[in-house]
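First up is the structure itself, then whatever we jot down about it.
The values are calculated or read from the model by the stated rules, or taken from the named source; none is laboratory data. For clarity, every value in this text was computed on a predicted model and none was experimentally measured. Methodologically, a virtual Cβ is constructed for each residue, glycine included, from the backbone with ideal geometry; neighbour enumeration extends over all protein chains shown. For the accessible areas, the whole protein counts, side chains as well, though only heavy atoms, and no ligand, DNA or RNA atoms are used. Shrake-Rupley method; radii C 1.70, N 1.55, O 1.52, S 1.80 Å.
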Amino acid sequence: MHENFQFTVSDILKRRHFEHVQVVAGYEGLNRTVKWVHIVEVTKINKLLNGKELILSTGVGWKENESLFRSFLQQLIECDASGLCIEMGTYTSSIPQEIIDLANEHHFPIILFLKEVPFVEITQDIHTYLINQHYQMISNLESYSQQLNKKLLSIEHYDEILKFLHNYLGYQVIFRLNGKEAEFVPEHVEHSKKAISLLDHPSQQPKKTASQPIQLLGNEYAELSIVSLEKEISEFDLLILDRTATALAQHLLRDLYVEEKKRAQENEWLKGWLEGEHSNEAIYDYLTDHEPELKPKGGFVSICKFKSLRQYSNLDITYFKLLFRTIFEQQGFYTFSVDFRSSVIFIMLNKRGIKTWKNRMKAGIQRLIESDFVNKKRVPCFFLGVGKFVEKLSHMDKSYRTAFETIKIQHQLGKKANSHFYEDLHMYRIISLIHKYSDLNEVVMEYLEPVIQYDKKYNGKLMETLKIYLACNGSKKETAKRLFVVRQTLYHRIQKLEKLLGDDFMNPEKRLAIEFMIKAYEYLTPSDENQYVQNDK
């Protein structure tokens, strides 16, 4: 077990120059930590202290003024000082009962020097001790880190790190992986219950618990905690906890990276799943081998398609897949990944309620966009398409086809595609289907060519006017408002449209056809900006 680097008021009372002292108040605070010693003779000190200082004073600042004395003590308590040592005789002859009561109320030690003592020698002695102790703490911390790093080279499971931490500090260790039950070292039932109670209600014993989140790829993956059932947790203990959390993060990342490499070898079977080659029974057998506790409630396919094969080849694709998996597992999805040309295809199995899958997927996409790996351009531009949700896992091929269709529509529409989800693209899905089997451009021109040619020749903004006029259901007032034009200008444009399209263009059947053709025209018109993930903010 490590050396105790928590220097307390009680420890100071054992040092030289403290042979002839009397503790008159705050006995319960003798375990307060001392980080420094100050000689203070002024009464306004609330801006001079940082906390954890032991104060030496002759009392010259307040002499026999009880009000000043009380104010001075109140400031020390508020500044979280460790205690007050007063030399009796010259300026202070007694301690008022009101002062003793205030100190006892806050467990604040008041210590009286019954004989004259050299304050300078006291500060020199204690400061020298504290500085040496600090150097020793750094040395011990470095030694602990080296031992920990050696263990990382040979251990197979993270529980060896947890045991090492417990053996070194002697505290109850609690480790929680996201979505899993807490693990305890040692596994003592009564101690574990008490420790988890202290951890869940830290306000009861604020200095007896400490926790450190474990970050992987910019996301919180687990939490490491220590709980002391006796003494307070020291600053050194917190440094040890931090070093251990870093070592755990390295070990967990290594395990995840190795696991992700193994997943790459399963590509062929997964490709067969995407092509609809496997039965429900075969799929569930496969899932049981990989994750026995997994009980999926449907799923879908997400595709990340990169701008070019060259950019895809230059990317640390294992890291990208690991980042994707980490983010979306926290949203309740279990993922399998398949590499295909310049794309990564993710089979997303839903572990939570079906009704919430889309909102959870949106939240995950937002976190992916905001991650450092994507946001700081360490990953090239890519499209992200989410296919149709299917409840039967053997129908995953349907989601796969619709996810690719989403990517295709996004690529065609650019910024006009305002969603990553197939089910949000509505009319564009129909247009894409028609375009696949017929000359869509010829049909569009049959309806809209006069307006398109007029705009090209005169920059007349008739297409924009037509689109908004139809969207406003023929309301001239609303259309003028949305176009930011006066009524007279709008009337002139509508007359032009009637001349070019026929004065019956607002009749229900013709109007429906024109609205459809406007959407088709947008689909066919190349966009200046593609809807890459980095731009979707």
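Observations on the model:
- Solvent-accessible surface of the chain, averaged per residue with a 1.4 angstrom probe and all protein chains in place: 52 square angstrom.
- Positive dipole terminus of the chain, leading residue within Leu252, Thr43, Ile131 (C-beta point charges): Leu252
- Only the Cβ atoms of Lys and Arg (+1) and of Asp and Glu (-1) were treated as charged; on that basis the dipole of the chain about its Cα centre amounts to roughly 2760 debye.
- Alpha carbon convex hull of segment 253-362, projected area averaged over orientations, nm²: 7.3 nm²
- In the chain, the longest principal axis of the Cα atoms and the axis of helix 189-200 are about 70 degrees apart.
- DSSP-defined antiparallel bridges as percent of all bridges, the chain, nearest 5: 75 percent
- Extension gain (nm, one decimal) between Glu442 and Lys262, 0.36 nm per residue minus Cα-Cα: 59.8 nm
- Dividing the Cα radius of gyration of segment 53-125 by 2.2 N^0.38 Å, with N the residue count, gives 1.05.
- The angle separating the long axis of helix 462-471 from the principal Cα axis of greatest extent in the chain is about 70 degrees.
- Rounded to the nearest 10 degrees, the inclination of helix 396-413 to the longest alpha-carbon principal axis of the chain is 80 degrees.
- Among the GluC sites (Glu not before Pro) in segment 136-190, those placed in a DSSP loop whose Cβ has at most 12 other Cβ atoms within 10 Å are Glu156, Glu181, Glu187.
- Computed 3J(HN,Hα) for segment 134-146, one whole-Hz value per residue from the Karplus formula 6.51 cos²θ - 1.76 cosθ + 1.60 where θ = phi - 60°, is 5, 5, 5, 4, 4, 5, 5, 5, 5, 4, 4, 4, 5, glycine and proline marked x.
- Global form of segment 327-409, assessed from the alpha-carbon gyration tensor, a/c cut-off 1.5: oblate
- The value for segment 1-117 of Rg(Cα) / (2.2 N^0.38 Å) is 1.00.
- Unit Cα scatterers, Debye sum, the chain: log10 I(q)/I(0) for q = 0.09, 0.10 Å⁻¹: -0.84, -0.92
- If you model segment 70-189 as an ellipsoid using its alpha carbon gyration tensor, with each semi-axis the square root of five times an eigenvalue, the axes come out at 46, 22, 10 Å, biggest first.
- Sequence-distant lysines (8 or more away, or on other chains) whose Cα lies within less than 21 Å of Lys481: Lys461, Lys467, Lys496
- Here the relative contact order of the chain, from alpha carbon pairs under 8 Å that lie six or more residues apart, stands at 10 percent.
- Cross-link pairs Lys307/Lys388; Lys351/Lys519; Lys14/Lys163; Lys477/Lys519 - those with Cα-Cα distance over 32 Å: Lys351/Lys519; Lys14/Lys163
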